[in-house]
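> There's a structure below that I have some questions on.
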Amino acid sequence: MAGGFSSGAISGAMNAGMYGGNALQAALLGGLAVAAIAGLVQGAIELNGVNGQMPATASTHRQYGLSPASHQPPFCSQDEEPLLARMIFAEAGKDFKIPGAMEAVGWTPVNRMLWGRYWPDSVEEVILQPNQFTSVGSNQWAAFNYPLEMKPMDFQAYLRAFEVAKGVCEGTIADPAGAHAFQGSPEIPSWMGNRGEALGKIGSHYFFWLISR
């Protein structure tokens, strides 16, 4: 890794408060690999309460041709990748240590774009579509622009959000949910009607998908 920092050293320094003001954050932002915190993710996934597993229809629904096969990674442009990271940070920053939490949130707008019909055909348009993601315009959304002012845990979440966004856009990070929507309550969103299916919960969010067009 550039600069000689290891994931353990960086996380240890952050957890111990050894970052000399914002020196470590500034160094990381100055060019150290975002993957520095790849080993920080710990915890358990709560999914339907069954051995931490999503239903097969959730994690594999794209394999059954329910999304256009013509879409191949990368799913995002270079300009869209930081926007996706921002959305991930704002929606799931507090869950960054929970395996799959940021990934499931990050895949959701991509799944919408791949599904088509009801949603725009670009990740940027999906994220910024009015009244879709409550984090857009939130305090966390705004805080994303000021990484040097973040507390250590928030900064770790910030780095992790970039890592996840890159993996989602490139298709190198698995989609643990296959969701089209998420929210804080377990009820199927009313707009889905009888076409919606509850997938389970990861971190703070319940995930859902459309089972038919």
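The values are calculated or read from the model by the stated rules, or taken from the named source; none is laboratory data. What you are looking at is a predicted structure, and each value in this text was computed from that prediction instead of being measured. Cβ sites come from the backbone with ideal geometry, for glycine too, and all protein chains shown count toward neighbours.
> Give the range 191-203 a look and list any residue that's out of contact with any strand residue (DSSP E or B) (no Cβ under 9 Å at 6 or more places or on another chain) and surrounded by fewer than 17 Cβ atoms within 10 Å (Cβ to Cβ), or say none.
Gly193, Asn194
> State which residue is modelled with the lowest pLDDT when the search covers only the range 133-157 and only residues that are in contact with a Phe, Trp or Tyr (Cβ under 6 Å, 6 or more places away or on another chain) and under 12 Å from Ala92 (Cβ atoms).
Ser135
> Still on this structure, please answer the following. Consider Val164 against the criteria (1) under 14 Å from the mean Cα position of the chain (by Cα); (2) part of a loop (DSSP other than H, G, I, E, B): it satisfies all of them except one. Which criterion is unmet?
Tallying (1) under 14 Å from the mean Cα position of the chain (by Cα); (2) part of a loop (DSSP other than H, G, I, E, B), Val164 fails exactly one: (2).
> What number of residues within the range 106-124 are free of Cβ contacts under 8 Å to residues at least 12 places away in the same chain, closer than 18 Å to Asp79 by Cα and surrounded by 14 or more Cβ atoms within 10 Å (Cβ to Cβ)?
1
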